[in-house]
Amino acid sequence: MTENRAIPTHVAIIMDGNGRWAKQRGKERYEGHLAGVESVRSAVRAAVRNGVKWLTLYAFSTENWGRPAAEVEAIMELFCRTVVGEGAALAEQGVRVKILGERTRFSASVLEMIERIEATTASGDRLTLVLAFNYSSRREILLAAQSLAQQVAEGRMQAEDIDEQLFASALMTSEMPDPDLIIRTSGECRLSNFLLWQASYAEMYFPEVLWPDFDEEAFDKALEAYAGRERRYGLVNDEC
Ligand code: FPP
């Protein structure tokens with residue numbers, strides 16, 4: 001690993017390609033998700049090893065409820081089983097887990113599991129692992145707009161008081177830094193309702209590899225690509 005290279009503070013990943021991975025092997029889609037859990041472990045290990053402080057994984061979008069009921073149930077079950085089963089190992093690695101998304105649609109048992117993993121890993125200070133679960137960015141932006149509009153209607157603030165900072169503080173991600181690097185596996189090049197506000201200045205990386213094949217080496221390669229990027233934030237560099 002090259003020393004002194006730029007390491008992103010926050011890496012966010014759209015884990016795509018589980019279904020295709022399974023199909024290529026004549027397996028059920030569920031087996032692709034199951035194999036994808038090993039890549040989640042690899043990504044966490046690689047993030048901790050590289051000194052990344054925030055890792056966000058898009059595990060279940062609001063739109064994913066529209067998949068066949070059996071697949072939704074399988075992902076829910078796998079998510080809960082993994083999160084509960086990995087709690088101790090994550091805490092040992094210094095990983096704090098946070099769930100990002102609307103909690104209204106979960107069963108009592110899923111809610112209980114979410115609260116348990118957040119509580120047992122609360123003191124982790126090496127990496128914050130954010131699992132986006134029942135998350136969609138447009139919905140998040142809409143809810144923020146509604147909450148600010150309500151405060152204006154109640155006379156608690158003026159419409160002109162709403163600036164970027166205030167708007168960001170009304171989002172579900174208010175405690176998180178914006179992502180520096182967004183990775184989407186499987187060769188698809190789109191954001192699919194993921195961190196749309198927060199992605200404004202993120203670097204994008206779209207490897208062809210399917211999520212179950214995204215191992216620690218693939219994660220390191222993504223960081224290498226990031227280190228080679230020049231981030232200008234709408235400005236010009238000194239040589240221009
Ligand atoms: C996208 O692949 C993957 C998902 C919608 C689910 C991801 C879930 C997991 C890896 C399991 C549990 C997660 C955690 C964090 C414990 P796809 O099904 O859209 O693949 P395709 O585009 O090839 O069909």
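The values are calculated or read from the model by the stated rules, or taken from the named source; none is laboratory data. None of the values given here were measured: they were computed from a predicted structure. Virtual Cβ from ideal backbone geometry, glycine too; neighbours counted across all protein chains shown.
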| request: Please verify whether the range 2-12 includes one or more residues that are acidic (Asp, Glu), assigned to a helix (DSSP H, G or I) and surrounded by fewer than 21 Cβ atoms within 10 Å (Cβ to Cβ). | output: no
| message | Every residue in the range 184-223 that is loosely packed, with under 12 Cβ neighbours inside 10 Å and in a helix (DSSP H, G or I), please. | response | Glu217
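Among the listed residues Ala153, Ala132, which satisfies the condition of being among the small types (Gly, Ala, Ser) and surrounded by 11 or more Cβ atoms within 10 Å (Cβ to Cβ)?
Numbers: Ala153 fails: surrounded by 11 or more Cβ atoms within 10 Å (Cβ to Cβ).
Within the list Ala153, Ala132, the selection yields Ala132.
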| note | Residues of the range 41-63 being more than 15 Å from the chain's Cα centre (by Cα) and within 27 Å of Arg105 (Cα to Cα), in sequence order, are Glu63
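When the range 109-132 is examined, which residues are found to be under 27 Å from Leu196 (Cβ atoms) and either out of contact with any Ser or Thr (no Cβ under 9 Å at 6 or more places or on another chain) or away from the ligand (no atom under 12 Å from the Cβ) (or both)?
Scanning the range 109-132 gives Val110, Leu111, Ile114, Ile117, Glu118, Leu127, Thr128.
Give the residue that is nearest to the ligand (Cβ to nearest atom), with candidates limited to residues of the range 46-66 that are surrounded by fewer than 16 Cβ atoms within 10 Å (Cβ to Cβ) and either among the basic types (Lys, Arg) or touching a residue at least 24 places away in the same chain (Cβ under 8 Å) (or both).
At the first step, the residues of the range 46-66 found to be surrounded by fewer than 16 Cβ atoms within 10 Å (Cβ to Cβ) are 49, 51, 63, 65-66.
Remaining after also requiring either among the basic types (Lys, Arg) or touching a residue at least 24 places away in the same chain (Cβ under 8 Å) (or both): 49, 51, 63, 65.
Numbers: Arg49: 19, Gly51: 21, Glu63: 10, Trp65: 11 Å.
Step by step, filter the range 46-66, then rank; the result is Glu63.
Yes or no, residue by residue, for (1) under 30 Å from Glu175 (Cβ atoms); (2) at pLDDT below 95; (3) away from the ligand (no atom under 11 Å from the Cβ); (4) of a type in the set (Phe, Trp, Tyr):
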{"residue": "Met1", "(1), (2), (3), (4)": "yes, yes, yes, no"}
{"residue": "Arg5", "(1), (2), (3), (4)": "yes, yes, yes, no"}
{"residue": "Met15", "(1), (2), (3), (4)": "yes, no, no, no"}
{"residue": "Ala22", "(1), (2), (3), (4)": "no, no, no, no"}
{"residue": "Gly26", "(1), (2), (3), (4)": "no, no, yes, no"}
{"residue": "Ala35", "(1), (2), (3), (4)": "no, no, no, no"}
{"residue": "Glu38", "(1), (2), (3), (4)": "yes, no, no, no"}
| task | Report, ordered by the first and then the second residue, all pairs with beta carbons closer than 7 Å, sequence separation of six or more or different chains, a first member in the range 139-153 that is among the aromatic types (Phe, Trp, Tyr), and a second member that is loosely packed, with under 11 Cβ neighbours inside 10 Å and not in a helix (DSSP H, G or I). | result | none
| said: Checking Ile114 against (1) surrounded by 19 or more Cβ atoms within 10 Å (Cβ to Cβ); (2) not in a helix (DSSP H, G or I), only one condition comes out false. Which one? | reply: (2)
| request: Using the structure shown, decide if Ser174 is more than 16 Å from the ligand (Cβ to nearest atom) and among the small types (Gly, Ala, Ser). | output: yes
